[in-house]
Structure formats: structure tokens, C-alpha cells
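Report on the structure given below.
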Amino acid sequence: MYSHSHIGGLLARLEAMGTVLAAKQARRGATAERLLAAAIHVIDSVNLEGTTVPRIAAAAGVAPTSIYRRYADNDALLRAAFLHALASSNQNSRQMTVARLLKKDLQSTETRLITSLFKPYRRHPLLMRGLAS
């Protein structure tokens with residue numbers, strides 16, 4: 001039979017393990033976010049053809065092996081970056097659309113909505129061109 005102090009010690013260790021695991025997951029998520037942001041930045045800077053794993057790793061401040069642990073190859077990382085950029089754009093569009101639709105007249109609403117739809121294309125022209133190819 002276990003004493004209360006023994007059980008308390010086990011619970012404390014389990015809680016500490018949960019805290020460590022949560023910290024590792026947060027770091028992993030932050031690294032993945034950095035990799036995707038770096039991939040988008042590199043595409044915007046040098047074009048799709050000049051985007052390499054070593055160049056993305058340098059921009060993200062990680063070793064190339066960190067990328068290969070998460071993505072099979074450069075194409076897999078670029079697909080993830082495209083999806084990330086689109087998801088981010090969609091989320092921003094959703095949030096901004098509600099605010100924009102509450103304008104006083106249809107023309108103001110239309111102008112603001114069209115402007116917001118084209119914003120990602122202006123922000124990341126090479127990335128968006130890569131989606132078309």
C-alpha cells in the first residue's frame with residue numbers, strides 16, 4: 001500500500017512531466033511557425049525556384065535537419081507554407097469582412113471588401129504566383 005506522501009510525490013512528478021511536455025509542444029509549435037514564416041519570407045525575397053531548405057533554415061535560425069524532421073522535402077515545406085499563408089489570409093479576411101460589412105453604404109462596403117481580398121496578393125506576389133503553377 002502506498003502512503004499519502006508517496007502518492008503526493010507521484011502526482012507532483014506527473015504534474016511536472018505535464019508542464020515539461022506542454023513547454024516542448026509550445027516550442028515545437030513556435031519552431032513550426034518560424035519555419036513557415038521563413039519559407040514565405042524566402043519565397044517573397046528570391047522567388048520560388050531559389051527557395052531551398054538551407055536558405056529557409058538560415059532565415060528561421062535553425063539547422064536544415066530541423067526542417068527535415070518535420071517535412072519530407074522542400075516541396076512538402078513549400079506546400080505547408082502555401083497552406084499556412086492561405087489559412088492566415090482566410091482568417092484575417094473573415095475577421096475583417098464582418099467589420100467591413102457593417103459600413104453605412106454599399107459602395108464603401110464593396111471598396112473595402114475588394115481591397116481586403118487583393119491584400120495577400122500584394123503582400124506575397126511570388127508566393128501567390130507559385131500557387132498558380
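Here are the numbers:
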item: Residue check for residue 65: assigned to a helix (DSSP H, G or I), β-branched (Val, Ile, Thr), farther than 23 Å from residue 124 by Cα and at pLDDT 90 or above; result: yes
item: Among residues of the range 76-114, those that are under 23 Å from the mean Cα position of the chain (by Cα) and at pLDDT 75 or above, counted; result: 13
item: Boolean, residue 57 is at pLDDT 85 or above and either more than 16 Å from the chain's Cα centre (by Cα) or in a helix (DSSP H, G or I) (or both); result: yes
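The values are calculated or read from the model by the stated rules, or taken from the named source; none is laboratory data. All values derive from a computational prediction rather than experimental measurement.
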